[in-house]
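In what follows, a structure is listed as structure tokens, so that the remarks can point back to it.
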Amino acid sequence: KNEVEQSPQNLTAQEGEFITINCSYSVGISALHWLQQHPGGGIVSLFMLSSGKKKHGRLIATINIQEKHSSLHITASHPRDSAVYICAVRRGGGADGLTFGKGTHLIIQP
Amino acid sequence: EAQVTQNPRYLITVTGKKLTVTCSQNMNHEYMSWYRQDPGLGLRQIYYSMNVEVTDKGDVPEGYKVSRKEKRNFPLILESPSPNQTSLYFCASSLWRGTPYEQYFGPGTRLTVT
């Protein structure tokens with residue numbers, strides 16, 4: 001079993017829909033990252049969370065440390081949101097590397 | 001402009017021929033890292049560095065070497081490349097405040113080993 005699991009693997013939605021992507025992890029962590037990979041391959045960091053909730057424009061990220069779960073929400077989705085969304089965790093206990101989920105491929109249709 | 005640069009962007013080479021992929025950042029970041037991305041496996045960390053002369057293994061370090069002699073540069077060395085190292089490689093950097101902060105990624109290097 002992977003340490004970081006994302007769901008769904010693939011998601012197709014209509015423009016304007018509210019999108020939720022989930023990330024569950026099985027290890028203790030000190031921080032969680034959400035990344036966006038564009039169709040051209042470039043990767044952009046969206047959020048880094050260690051607790052609570054963060055918002056940037058139409059994107060909202062939440063984390064529940066006790067339940068080992070994070071969600072990424074997109075409000076009023078748009079075709080330009082089509083991308084792969086990747087969750088990554090920094091393990092606790094002094095380890096400083098990052099472990100990644102396999103990504104959620106999101107397509108927003110006009 | 002704040003950026004992470006990688007060179008080359010594309011490389012086709014043969015088994016056993018040593019190669020180096022360079023990575024440079026202009027943001028004075030302490031943390032730098034190399035990742036490889038493979039279909040079905042996602043991103044995996046190869047090596048990372050928290051500062052000059054401080055490096056550590058990620059999840060898939062076998063067959064790779066790194067060095068951090070200067071803060072801005074973090075080259076990835078494949079001393080004897082093999083076909084299973086054919087992959088898309090990303091370098092990234094971030095601030096380090098007890099944990100890696102927002103990661104800035106390079107554009108990627110697509111490596112093919114025949």
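What follows draws every value from the coordinates through simple rules; no lab data is involved. Values in this document were obtained by computation on a predicted structure and should not be read as measured data. In this analysis, Cβ positions are derived from the backbone assuming ideal geometry, glycine residues included, and neighbour counts consider all displayed protein chains.
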| note | Phi angles of the stretch B:57-72, converted by Karplus (6.51 cos²θ - 1.76 cosθ + 1.60, θ = phi - 60°) into ³J(HN,Hα) in whole Hz with x for Gly and Pro, give 6, x, 7, 9, x, 4, x, 10, 9, 9, 8, 9, 8, 10, 5, 7
| query | Taking 0.36 nm per intervening residue step and subtracting the Cα-Cα distance, what contour gain separates B:N28 from B:S82 on full extension? | reply | 16.1 nm
| Points 7 angstrom from Cα along the Cβ direction at B:L95 and A:T12: gap in nanometres? | 4.2
| Tally Lys and Arg at +1 and Asp and Glu at -1 over the other residues with C-beta under 14 Å from the C-beta of B:K18: what net charge comes out? | +1
| remark: Straight-line reach check, B:K69, cutoff 30 Å on alpha carbons, 8 or more apart in-chain or any other chain, hits among lysines -> B:K17, B:K18, B:K57
| field | Computed magnitude of the charge dipole of chain A (debye, nearest 20; Cβ of K, R +1, Cβ of D, E -1) | value | 220
| query | Over all residues in A:98-109, what is the mean tally of Cβ atoms on other chains that come within 10 Å of each residue's Cβ? | reply | 3
| request: Give me the lysines in straight-line cross-link reach of A:K102: C-alpha distance below 16 Å, same-chain residues under 8 apart excluded. | output: A:K1
| message | How high is the relative contact order of chain B? Use alpha-carbon pairs under 8 Å, at least six apart in sequence, and give a whole percent. | response | 35
| field | Reach of A:K53 by Cα under 17 Å, taken over lysines that are not fewer than 8 positions away in the same chain | value | A:K68
| Most to least packed among A:17-25, B:44-52 [average Cβ atoms within 10 Å] | B:44-52, A:17-25
